[in-house]
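Working notes for the structure below.
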Amino acid sequence: MELYANLHIHSTHSDGGYSPAKIAHVCKEEGYSAIAITDHDIATAYPEMKAECDKLGMECLFGAEFSAPSKLLEDPDYYNQLEPTFHITAYHFDPEYPAMKQYLEDMGIRETEQTHVLFDRGVKLGLIKGISWDEVLEYNKGIKWICNMHLWRCMLDKGLLTKADRPWFWKELFADHRWEVPPHREFKQEHELIQLILDAGGIPIIAHPHQQMKYMDALLEMGVQGLEVWHSMMTEEEREQAVKMAYAKDLYISGGSDHGGLSNGESAKLLKPGDLRYSPPMTRGTTKQYYEEIRDRKLNRW
């Protein structure tokens, strides 16, 4: 199978390792002809990505990846009880649609506020020294969704940490500690989010439905229109099941490297073959046919 598009990538506008422009160059060199930025719960990277893709002769889709808590995943057999959440990659939606615009703004504030609380906790415990929150914001000027990666890069560039400190930084300052910070703005439940994406003119696709395929019929009733098939978290059995379902129920077929591909920078370099998120070059994405179906919003299989 020849891949054409990588439709699940994160940039420095959320928790990715490279700027949108840098990602375009990396993906071009890797061999992709089309890409989509799907930053977490934010959609500010597209203009830079589109401008660079135009220079490189690449195609570029507008998108985002949304987190959607679900009561469906309160199933006692669900493998990830800590985070009973679907991830939904959405393409083509209008970020200026009033309800969507407000939600994106709220999600940026949610992440930034939680990161600020954990930053203050680290300062109070003496784990963070030599940097102020205002410096973090200035370093990440223009970013609306501030997470651990933005603090990490800032401290690294100031010489306050080394790359060897990465595991310690994550475990002691973030990781499970984020669950200790009550958010002031809530995620929408999956049915609300799917409807919002549809109302804003978008295509909602379930991302990496590892051990979530049994919930797909319920999600389709809510308005989901596609499945992410080629992703490192998906087993071969799940991929086969997803493709069969996509053909049987007229669904879009997507795929992407997420945090595991070359486009995610230093984070991806930490992964090794056998790691859950590891993606060798040009092994995650979707074909030209399936990409064009999403691009053109029209299935073409007969």
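The values are calculated or read from the model by the stated rules, or taken from the named source; none is laboratory data. None of the values given here were measured: they were computed from a predicted structure. As a convention, Cβ positions derive from the backbone with ideal geometry for all residues, glycine included, and neighbour counts pool all protein chains shown. Note: areas computed on protein heavy atoms with side chains; ligands, DNA, RNA excluded. Shrake-Rupley method; radii C 1.70, N 1.55, O 1.52, S 1.80 Å.
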**Report entry** Given (1) in contact with a Lys or Arg (Cβ under 6 Å, 6 or more places away or on another chain); (2) of a type outside the set (Phe, Trp, Tyr); (3) at pLDDT below 95, index of the condition Val229 fails
**Finding:** (3)
Query raised in the report: Which residue, of Glu105, Glu180, Glu190, is open to solvent by less than 20 Å² (accessible area, probe 1.4 Å) and either without any contact (Cβ under 8 Å) to a residue 12 or more places away in the chain or among the acidic types (Asp, Glu) (or both)?
Result: Glu190
Requested in this report: Of the numbered conditions (1) under 24 Å from Ala175 (Cβ atoms); (2) at pLDDT 95 or above, Tyr91 fails exactly one; give the number of that condition.
Outcome: (1)
Query raised in the report: Which one is farthest from Ile253 (Cα to Cα), of the residues in the stretch 1-20 that are open to solvent by 20 Å² or more (accessible area, probe 1.4 Å) and touching a strand residue (DSSP E or B) at 6+ places or on another chain (Cβ under 7 Å)?
Result: Asp15
Query raised in the report: Do we have any residue at all in the stretch 21-34 that's over 24 Å from Ile253 (Cβ atoms) and among the hydroxyl-bearing types (Ser, Thr, Tyr)?
Result: no
Report task. Determine, yes or no, whether Ile197 is open to solvent by less than 30 Å² (accessible area, probe 1.4 Å), in contact with a Pro (Cβ under 7 Å, 6 or more places away or on another chain), of a type in the set (Val, Ile, Thr) and within 17 Å of Glu65 (Cβ to Cβ). Result -> yes
Requested in this report: Consider only pairs whose beta carbons are under 6 Å apart and that are at least six residues apart or on different chains; among these, list those whose first residue lies in the stretch 22-50 and is closer than 19 Å to His92 by Cβ and whose second residue is among the charged types (D, E, K, R) and not in a helix (DSSP H, G or I).
Outcome: Ala34/Glu59; Thr38/Glu65; His40/Glu65; Ile42/Lys144; Thr44/Lys144; Ala45/Asp39
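Tell me, which helices (runs of 4 or more DSSP H) lie completely within the stretch 115-208 with 1 or more residues that are touching an Asp or Glu at 6+ places or on another chain (Cβ under 6 Å)?
On the way: elements: 133-139, 148-157, 166-173, 190-199.
Those helices (runs of 4 or more DSSP H) span 148-157.
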Report task. Go through the stretch 268-302 and give me each residue that's at pLDDT below 95 and β-branched (Val, Ile, Thr). Result -> Thr283
**Report entry** Of all residues making up the stretch 53-66, the number that are more than 16 Å from Ile294 (Cα to Cα) and either open to solvent by 30 Å² or more (accessible area, probe 1.4 Å) or under 13 Å from the mean Cα position of the chain (by Cα) (or both)
**Finding:** 5
Query raised in the report: Here are Lys244, Lys214: which of them is of a type in the set (Lys, Arg) and modelled with pLDDT of 95 or more?
Result: Lys244
Requested in this report: Just give me the residues in the stretch 211-257 being in contact (Cβ under 8 Å) with a residue 60 or more places away in the chain, part of a loop (DSSP other than H, G, I, E, B) and open to solvent by 20 Å² or more (accessible area, probe 1.4 Å), in sequence order.
Outcome: Gln211
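At least 3 residues that are under 17 Å from Pro281 (Cβ atoms) and of a type in the set (A, V, I, L, M) in each: list the strands (runs of 3 or more DSSP E) lying fully within the stretch 1-91 that qualify. Don't jump to the end; show me each part of the working.
Details: elements: 5-9, 34-37, 59-61, 63-69, 85-91.
Passing ranges, in order: 5-9.
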